[in-house]
1. How many angstrom lie between the Cα centre of the range 63-134 and the Cα centre of the range 183-204?
2. With a probe of 1.4 Å, find how much accessible area the chain has per residue, and write the answer as a whole number in Å².
3. Calculated from DSSP H runs of 4 or more alone, at -39500 (n - 2.57) each and per residue, what is the 222 nm mean residue ellipticity of the chain, nearest 500?
4. Going down the list K67/K258; K29/K218; K67/K164; K189/K218; K199/K258; K29/K170, which pairs span over 26 Å between their C-alpha atoms?
5. About the Cα centre of the chain, how large is the charge dipole given +1 on each Lys and Arg Cβ and -1 on each Asp and Glu Cβ? Please answer in debye to the nearest 20.
6. What is the Cα convex hull volume of the range 1-157 when expressed per residue in Å³?
7. Using alpha carbons only, what's the Rg to Rh ratio of the range 1-80 with Rh from Kirkwood?
8. So what is Rg over Rh here for the range 134-285, counting just Cα atoms and using Kirkwood for Rh?
Amino acid sequence: MSKAIKLVSQSKCFGGLQCVYEHESSILKCNMKFGCYLPPQHDKKKNLPVVYFLSGLTCTEQNFIMKSGFQRFAAKHGIVVINPDTSPRGFDFPGEHDSYDFGSGAGFYVNATEEPWKNNYRMYSYITGELPSVLTSNFNVNVNKSAISGHSMGGHGALICALKNPGKYKCVSVFAPIANPSECPWGIKAFTGYLGENKGAWKQCDATYLAKDYDGPKLEILLDQGEDDPYLNDKQLLPENLQNSCAGNKLLSLNLRKQPGYDHGYYFISSFIEEHFTFMAKHIC
């Protein structure tokens, strides 16, 4: 596994550095970019905590960097923030670029088992395995002090990464996640394409089902959902299903906050990002 990285861009921000790096992923078998915010404390303290942020459909590593305003709060708490791309790039498989909700920009943070995706669309293993190894080899971080966060498709990704790896992430912070993908149009399309028709495999990548069987250290989840989110009304997100699953598992503590007047976009995220970093900092700093 190659752990070498190349600096693509760097800008000073709130006393730290907002960087973008690229590297050759051995798991995805392509060149991948990821955002990396290094707070002012990076050159002064050892073993800084890490937050991973997973973005939603159509996004690259740029969206969260440019729109959320997280850097002010990462600098305050001394947190390194890593935000990867949302899919492998550069393969041009048949149909890969035909729709916004499947293929490029829509990896759904699963390990595909269907052709032609299975050898490259392995975002779950990339996020949980390869990326932390790259970080420890190149930055002053302690990946044992990690939290994971995400939005929409990325909220789904954050939830399943935490629920499938008890103790790996100290808490989860999500904005309008696709909470029950097996039961919504986005998820059904993606899971059919990447995982095939085996509904049992779908449940292993669905937070609502994983929450029922979670057996690990107590895990706190902060979930903000805009009440004027059109995808909530279209039954793409289904946070109540996740809430019901968590309510039946004493090891999970879900704080579902419904925010009146807010929709699905980055104005919503930026309005509550400070509270999410305060929440994560309590667990990892």
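The values are calculated or read from the model by the stated rules, or taken from the named source; none is laboratory data. Because the structure is a prediction, the values reported are computed rather than measured. Using ideal geometry, Cβ is built from the backbone for each residue, glycine included, and neighbour counts are taken over all protein chains shown. The accessibility values were calculated without ligands, DNA or RNA, using every heavy atom of the protein model including side chains. Shrake-Rupley method; radii C 1.70, N 1.55, O 1.52, S 1.80 Å.
1. Taking the Cα centre of each part, the range 63-134 and the range 183-204 sit 18 Å apart.
2. On the way: 11370 Å² over 285 residues.
Per-residue accessible area for the chain comes out at 40 Å².
3. Details: 10 runs with 87 residues, N = 285.
So the helix-based figure for the chain works out to -8500 deg cm²/dmol.
4. K29/K218; K67/K164; K189/K218; K199/K258; K29/K170
5. Numbers: 28 positive and 27 negative charges, 268 e Å.
In total the dipole reaches around 1280 debye.
6. Details: hull volume 16.0 nm³, N = 157.
Spread over its residues, the Cα hull of the range 1-157 gives 102 Å³ apiece.
7. Values: Rg = 13.1 Å, Rh = 13.5 Å.
That ratio is 0.97, to two decimals.
8. On the way: Rg = 15.2 Å, Rh = 15.7 Å.
Rounded to two decimals, Rg over Rh is 0.97.
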